[in-house]
Structures are given as C-alpha cells and as structure tokens.
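This report refers to the structure that appears directly beneath it.
The values are calculated or read from the model by the stated rules, or taken from the named source; none is laboratory data. All of these numbers come straight from a predicted model, not from anything done at the bench. We place every Cβ from the backbone using ideal geometry, glycine too, and count neighbours over all the protein chains shown.
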C-alpha cells in the first residue's frame, strides 16, 4: 500500500497521499479512495494482467466534462503500455463526488424522497447533455451492430452450454422485424442506470462508469434505463422511479429532439435480451471453471426472469413478426 | 411406487441443509459471508422446488413441444429462427410463455407478477 501511495502521489503531483482505502473490486478493475494534499480523489485501476486500456474511457470523460455533463473531473490517467506509468496498469484518477449509488437505498430510503421527485428530470437532462457531446475527436470509440454482436454471443453460449432459449429467438425475430430507422448517431453512455449514477438528497450529481461508451442511437440509453432489471423490484418503468411519458417529455424538452415511444421500446427489448445473455455469460464462467462460485451458478437460473421480462415488454406488440 | 433409497428423500435432505443455513449460519455470519449464505439458501430452495415439480413440468414441456411438431427446445429455436412455424406463431408464443412460467415457478416464483399471466 505504501508503494501505491507513493505512485499515486507522483501521478497527481502531490507531496503526500493519505486515507488510502479500497472501495470495491470488480471483475476487471479495482477502486480506491484517497486524499492528496487534502484533495479527495478516486483511483480506478485495471487489474494486473488485464490488457484493456482505459484511454477511451478517459477521453470520453474529459469530453463530457468539457461539455458540461455532470461527471467527475478527470485528474490523471495512464496506460499499461506506458513503461513510465508508476501504477503499472491502466488507471484513471477522478475527483471524488459525494452521494449514494446503491439503487435500493435511492429507491426506498426516506432521505432520498426529494431526489426521487427530480431524478427523472435530472436523468433526462443529463442524457440530453451527454448525447450532445461531439464524439468525433475521441479515437477508438466502438460503433457496432449490437443485434449481430449478441446474436453471435448467444449462438456461442448455446453451443457451449448445450442449451436453447426459444424466448430469445422470438425476441431476435421481433428486433429484426421492428428495427428502427434512426438516423441520429451520438455518444451513448451504454450503462446509464441506477448503480452507475451518483445521487444525493438534491438529485443526480454525476454519471459514473463510462466503460461501455460508444457511438450509436441515443435512444439506446433511454431504453436501457427502462429495462425491468434496473427497476430493482419497483413497479415504475423508468429506473424504478418514473413513468415512460415523463422521461420522454423531459428528454424532448431538454434535447429539442422528438422521441418515439416505439423506438425506446425496441431498445428496452434489446437491453432485456442483452442482460439475459450477460447472465448466461456469468453462469458460463462458473461452468467452465474459470471462476467457480455458487453465486455465479445461481445466476444461470435467473435467465428465465429476463425471458419473463421480454414477454412483459412484448405482449401487445408481437405483430409484425412473420409478416403478420 | 417403491423407493430404493431410505428416508429422508433427496428433497428432505436438501431441505434439512437449507434449514440449518437459515437457523445457524445466517445468525453467525455477517457481510459478504452472510450474503453468500443467503444465496446458498435460495439455491437449495430452488432445488427443493425442482425435486417437487420437475417431473410433471418435464412431461408438460414435452407435450407442448410435441403439439408444435418439434422434440426439443433446440429444434423449436431453429424453427422460430427460420420462420418455419410463422403460420402458428400465436401457438408458439403461448407454448414458450408456458415454459418460462414453469421455469420461474422453480427458479423464483415471487418474480411472477399477479397482474400478468
């Protein structure tokens, strides 16, 4: 830890680092909190051996910050490819932002009551702002057809796990038959939902976790925000807090762009399908022995929750498969 | 029907372990270990439900597949994908929905909302 403190002091140009505390360890990166000359900062570092670079994410954060989007300010960043990088792994140092990220607290605790009143508006305005960020100066931002990507992932998983999911096949047919003809292409956050948003008693403070940022249809972010898994048991469709109409109206007002409810539904269906396939990926990590854990094993039996959510999203909209 | 194995049944054995986790392990743990104990309790409860319902569910599943002229989920998936069953799409949707509800009855019956069937 002393070695890490010294490296951090060099990275941020401080005389000393204190209060270094490990916050969490995700599968691919670790998060630390620390103070440098009295300034409260956060370190995100790729795990050693992980070759993924944080360069794109850092560039996106900087562009979003410069455009006035509520994000933590980027203080320093480095790549694992740089031999002079004192942290010897890709990293970002960010300004600390006070608040809460845990969805269940934000949805249920009394002290966030006032925040819940304004969160749909805050989220819509923030999405409109981040969709207005010019992505063209950011090198390497992915821009791929996600239907094709997840089709390939599902085929691979089905053959490796010896399984088939007729619900997912119905969903793919529906997605292909109803693909929106959107022409707007913008920066997309890619994982905009409670859990990745810093919220305090006054509302949304910062958008975190830009790992999945890419270029695409901005409606993807609105649809993902309505995926049933991100309602955390609440009956309100938008992040477990609000209704479709208010999200769409607030987004229209903030962006000046009209929003088609059917397009948002298309992205919600794709998001639900994606989350189901991601659950299969997690359980396959257990089954292949990559990471043995009863928690990962149990996630395989949650795939049917996503299948159920697909029926909820698609009932009343099954038409137009098979030319009906 | 005559059983080879002595009592308790597989269902009763799993139930006994789950009850021990609920009674003693939850109380004696905290944080991450307690969370993982809760996950284990949920997993065992799921296995109990499958031991109880699984055989009947498997028969119903086979009947639904046979009604559609296929003999596996893989074959049904291929038929949906190729459009071969498009003229019976309503039946396909209802059969697949019934399978999903059956899976949820074992995996997480609380997930089924009362307002939707």
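Yes or no, residue by residue, for (1) more than 14 Å from the chain's Cα centre (by Cα); (2) within 14 Å of chain B (Cβ to nearest Cβ); (3) at pLDDT below 95:
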{"site": "A:209", "(1), (2), (3)": "no, no, yes"}
{"site": "A:216", "(1), (2), (3)": "yes, no, no"}
{"site": "A:223", "(1), (2), (3)": "no, no, no"}
{"site": "A:246", "(1), (2), (3)": "yes, no, no"}
{"site": "A:255", "(1), (2), (3)": "yes, no, no"}
{"site": "A:258", "(1), (2), (3)": "yes, no, yes"}
{"site": "A:292", "(1), (2), (3)": "yes, yes, yes"}
{"site": "A:315", "(1), (2), (3)": "yes, yes, yes"}
{"site": "A:322", "(1), (2), (3)": "yes, yes, yes"}
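For segment B:94-115, give me each residue that is at the interface with chain A (Cβ under 9 Å from one of its Cβ atoms), more than 12 Å from the chain's Cα centre (by Cα), more than 18 Å from residue A:317 (Cα to Cα) and assigned to a helix (DSSP H, G or I).
Of everything in segment B:94-115, just one residue is at the interface with chain A (Cβ under 9 Å from one of its Cβ atoms), more than 12 Å from the chain's Cα centre (by Cα), more than 18 Å from residue A:317 (Cα to Cα) and assigned to a helix (DSSP H, G or I), namely B:111.
Give me the pairs: first residue in segment A:130-149 and on the phi > 0 side of the Ramachandran plot and outside the structural domain of residue A:53 (by TED's automatic domain parsing), second residue surrounded by 15 or more Cβ atoms within 10 Å (Cβ to Cβ) and not in a loop (DSSP other than H, G, I, E, B), beta-carbon distance under 8 Å, and six or more apart or on different chains, which are they?
Going by the 8 Å Cβ cut-off, the qualifying pairs are A:140/A:55; A:140/A:56.
Looking at (1) on the phi > 0 side of the Ramachandran plot; (2) within 10 Å of chain A (Cβ to nearest Cβ), which is the one condition that is false for residue B:31?
Here residue B:31 clears every test but (2).
Looking only at segment A:169-185, decide whether some residue is free of Cβ contacts under 8 Å to residues at least 12 places away in the same chain, closer than 28 Å to residue A:318 by Cα and within 14 Å of another protein chain (Cβ to nearest Cβ).
yes
Of B:56, B:91, B:15, B:19, which residue is more than 8 Å from chain A (Cβ to nearest Cβ), modelled with pLDDT of 95 or more and under 14 Å from the mean Cα position of the chain (by Cα)?
Answer to the check: B:56.
Looking only at residues in segment A:14-68 that are closer than 20 Å to residue A:139 by Cβ and free of Cβ contacts under 8 Å to residues at least 24 places away in the same chain, which one is surrounded by the most Cβ atoms within 10 Å (Cβ to Cβ)?
By that ranking, first place goes to A:65.
Check whether at least one residue in segment A:266-288 is in contact (Cβ under 8 Å) with a residue 60 or more places away in the chain, within 21 Å of residue B:89 (Cβ to Cβ), part of a loop (DSSP other than H, G, I, E, B) and within 14 Å of chain B (Cβ to nearest Cβ), and report yes or no.
Looking for residues that are in contact (Cβ under 8 Å) with a residue 60 or more places away in the chain, within 21 Å of residue B:89 (Cβ to Cβ), part of a loop (DSSP other than H, G, I, E, B) and within 14 Å of chain B (Cβ to nearest Cβ), one finds none in segment A:266-288, hence no.
Going residue by residue through segment A:306-320, is there one that turns out to be without any contact (Cβ under 8 Å) to a residue 60 or more places away in the chain and not in a loop (DSSP other than H, G, I, E, B)?
Yes, segment A:306-320 contains a residue that is without any contact (Cβ under 8 Å) to a residue 60 or more places away in the chain and not in a loop (DSSP other than H, G, I, E, B).
Mind listing just one residue for me: the one in segment B:74-88 that is at the interface with another protein chain (Cβ under 7 Å from one of its Cβ atoms) and touching a residue at least 12 places away in the same chain (Cβ under 8 Å) and, of those, nearest to the chain's Cα centre (by Cα)?
B:76
Determine, yes or no, whether residue A:197 is within 14 Å of chain B (Cβ to nearest Cβ) and crowded, with 20+ Cβ neighbours inside 10 Å.
For residue A:197, the condition - within 14 Å of chain B (Cβ to nearest Cβ) and crowded, with 20+ Cβ neighbours inside 10 Å - is not met.
With within 20 Å of the chain's Cα centre (by Cα) and over 30 Å from residue A:311 (Cβ atoms) as the only criterion, which of A:145, A:134 stands out?
A:134
Filter segment A:23-54 down to the residues that are over 21 Å from residue A:81 (Cα atoms) and either outside any strand (DSSP E or B) or modelled with pLDDT of 90 or more (or both) and list them by number.
A:26, A:32, A:33, A:34, A:35, A:36, A:37, A:38, A:39, A:40, A:41, A:42
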